[in-house]
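Colleague: Attaching a single structure in structure tokens format; questions to follow.
The values are calculated or read from the model by the stated rules, or taken from the named source; none is laboratory data. Remember, predicted model here, so these are calculated numbers, not experimental data. Please note: Cβ atoms are built from the backbone with ideal geometry, for glycine as well, and neighbour counts cover all protein chains shown.
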Amino acid sequence: MIWLPIVERELRVAARRPATYWLRLILGTAVFALWFLIYMFGPVGLLTSRGQMVFSTLSAIAFGFALLSGPLLTADSLSQERREGTLGLLFLTELQGYDVVLGKLIATSIHAFYGMAAIVPLLFYSMLAGGVTGWESLRLGIVLLATVFFSLSAGMLVSAHVREARQAMGGTLSIVIVLACVLAGLGMILASLSKSGMARFPSWPSPIYLFAYAFDNAFQTRGGPAQFGASLFSVLTASVVMLILAGRHLTRAWHEKDEFQRFLSPEASQSRSPILAPASLAPRGESLSADPYLWLASRDLRQKQKLRGILGGFFVLWGCLIVGSLTSVTSLQWLCFWGAVLLAFLLHHGLKWLIAFESPRRLSEDRQSGALELLLVTPVSIDEIISGQRRALVNLFRAPICCAILANAILLFVTVLRKPVFLSPWEVVLIVQICLGGTILMLVDFRALTWVGMWMALTSRRHTRAIQATLLRVMLAPWLAIFVLVLLTIGGGGLSSGMGLGMCLFWFGLGAIMAHAFASRAKVGLLEAFRQFSVAPDSTHPDAALSGQPLAAPAIANA
């Protein structure tokens, strides 16, 4: 038998895909264009050279891409096999757990490694501009590849333990955040208390800590090489351990005697189709006759319970920081205040990610299970399906969004009325803009994410693809615009008060305009997708393939 047969097969399949080659070309061209733009039009006369600025910029972009590769690529690789009940078929052959894990890892991550391979060589071009050494570029290349491997391994571990796509992506993102951010912060706190380099050991498995020590300004300090080596070894070891745990669990999960029963259980049926869900989970306030699809989409109360638990834990920690910001100790007040600002920022963006996870889920799963075809031949119109799904999303996220707005209001109260002594006048105005603009942008983005998510659910073959397409359309453009604006205007020379206020207004304005434009386009695209789906259902669905006849949809006339 061929060693690692799935790996060999997936490599052969990927070699025949045009996207494998186009990705490298497009990504390499885009990064080179950004490199040339920053180098040619960057500021002159700063202490930091253009070469260092270009190098730092490309490194930050590549590092963010590396951290998000696991949640976006490998998180749903094994869980999809478990949902479809095909995992056991793989183990009926002579395959082992590591065969499946490594095969799925290669299949879903080859684009990430190819994209990184297109970016890493451009880091060495910064040496031509000066300010960057060859060893620094080499260390950054190693760190980026190790971070990709770490993130992809986390996705494989979570994917081996869960069944739902949103749980896999959310769990992978949580592991990456905990290991990358929380451990790095914990190590910094312990190091500041003990003044010893060994106290930084909790930060060693953090890719962020490894990324920071790859630069010369940290690597050339006392103990820098030892910290870099220990962190690199810890990150690689954690990645290998996660892959081993994924393989070991996978060999046991497929032959659990209740695996097939869980696939046919009411809970599993509920995740695939709300029509088969148990009525005991239905909220009492919803009426079947008044809004049938709202009643169907709102039957699962577990998501509300999970959101309540997450919000409860967040507000306990955030409330402690707010109380600490009201103390008389200036250092503690400064740390707690900015920690509360950072947590509020993470709450807003975490909610937007959750909205992007949830908005395409119901329609995507109904489309895959065939329940959507059944609904389209009932008296329920397309408008009722869309409005019911939107109202279900509003009911699910109304309380979390109100909590996020409340957090902004409390921060606004602390900033304006308490007036911390460490804040300058322009920083007070900046925080006021962030609180007010963040509130408006949260509402606008919620509208855009729900409409675009439902649209992508009918145009993407998989739930994960729909989530990625939703995030890219709504969230990516404002972030890239403000990122490029910062680089072209201030570079490494600091942020002036007028520039900071102007960029804040530009960011919120661009985000609101883009979100409104995508929401308007998604409304039209969603109706078009429903009409096309009702006339020509998915050919991949077994029933449609056997019948060969399109399903009629009387409700189209009502749309």
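Colleague: Please list, ordered by residue number, the helices (runs of 4 or more DSSP H) wholly in region 183-285 having 1 or more residues that are at pLDDT below 50.
Modeller: Correct list: 259-263, 266-272.
Matching residues to (1) within 19 Å of A212 (Cα to Cα); (2) buried (at least 17 other Cβ atoms within 10 Å of the Cβ); (3) not assigned by TED's automatic domain parsing to the domain that holds L23:
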position	(1), (2), (3)
M116	yes, yes, no
I119	yes, yes, no
F124	yes, no, no
L128	no, no, no
F149	yes, yes, no
A154	no, yes, no
L157	no, yes, no
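Colleague: Quick one: which of Q433, Q368 is among the polar types (S, T, N, Q), in the same structural domain as F314 (by TED's automatic domain parsing), under 30 Å from R462 (Cβ atoms) and touching a residue at least 60 places away in the same chain (Cβ under 8 Å)?
Modeller: Q368 is the lone residue from the list that is among the polar types (S, T, N, Q), in the same structural domain as F314 (by TED's automatic domain parsing), under 30 Å from R462 (Cβ atoms) and touching a residue at least 60 places away in the same chain (Cβ under 8 Å).
Colleague: Given the conditions (1) at pLDDT below 85; (2) polar (S, T, N, Q); (3) within 28 Å of L374 (Cβ to Cβ), which single one is not true for S497?
Modeller: (3)
Colleague: Which one of these is polar (S, T, N, Q), at pLDDT 80 or above and over 20 Å from the mean Cα position of the chain (by Cα): S460, S520?
Modeller: Matching residue, one of S460, S520: S520.
Colleague: If I ask for residues that are among the hydrophobic types (A, V, I, L, M, F, W, C) and at pLDDT 80 or above, which ones from region 308-318 would you list?
Modeller: Selection gives L311, F314, F315, V316, L317, W318.
Colleague: Under 27 Å from the mean Cα position of the chain (by Cα), in the same structural domain as L321 (by TED's automatic domain parsing), of a type in the set (A, V, I, L, M) and surrounded by fewer than 16 Cβ atoms within 10 Å (Cβ to Cβ): which single residue out of L443, L417, L411 fits that description?
Modeller: Sole residue among the options that is under 27 Å from the mean Cα position of the chain (by Cα), in the same structural domain as L321 (by TED's automatic domain parsing), of a type in the set (A, V, I, L, M) and surrounded by fewer than 16 Cβ atoms within 10 Å (Cβ to Cβ): L443.
Colleague: Return the residues of region 363-398 that are in a helix (DSSP H, G or I) and among the small types (G, A, S); say none if nothing qualifies.
Modeller: S364, S369, A371, S387, G388, A392 - these are the residues of region 363-398 that are in a helix (DSSP H, G or I) and among the small types (G, A, S).
Colleague: For region 125-177: of the residues being outside any helix (DSSP H, G or I) and hydrophobic (A, V, I, L, M, F, W, C), which is nearest to L27 (Cα to Cα)?
Modeller: Step by step, filter region 125-177, then rank; the result is V132.
Colleague: Turning to a different aspect of this structure: For region 14-124, which fully contained helices (runs of 4 or more DSSP H) count at least 2 residues that are modelled with pLDDT under 70 and among the basic types (K, R)?
Modeller: Filter on region 14-124 gives an empty set.
Colleague: Tell me whether region 538-551 contains one or more residues that are modelled with pLDDT of 85 or more and either outside the structural domain of L476 (by TED's automatic domain parsing) or of a type in the set (G, A, S) (or both).
Modeller: No, because not a single residue in region 538-551 is modelled with pLDDT of 85 or more and either outside the structural domain of L476 (by TED's automatic domain parsing) or of a type in the set (G, A, S) (or both).
Colleague: Hey, could you check region 344-403 for residues that are modelled with pLDDT under 85 and in contact with a Pro (Cβ under 6 Å, 6 or more places away or on another chain) and say which is nearest to V444 (Cα to Cα)?
Modeller: This residue is V380.
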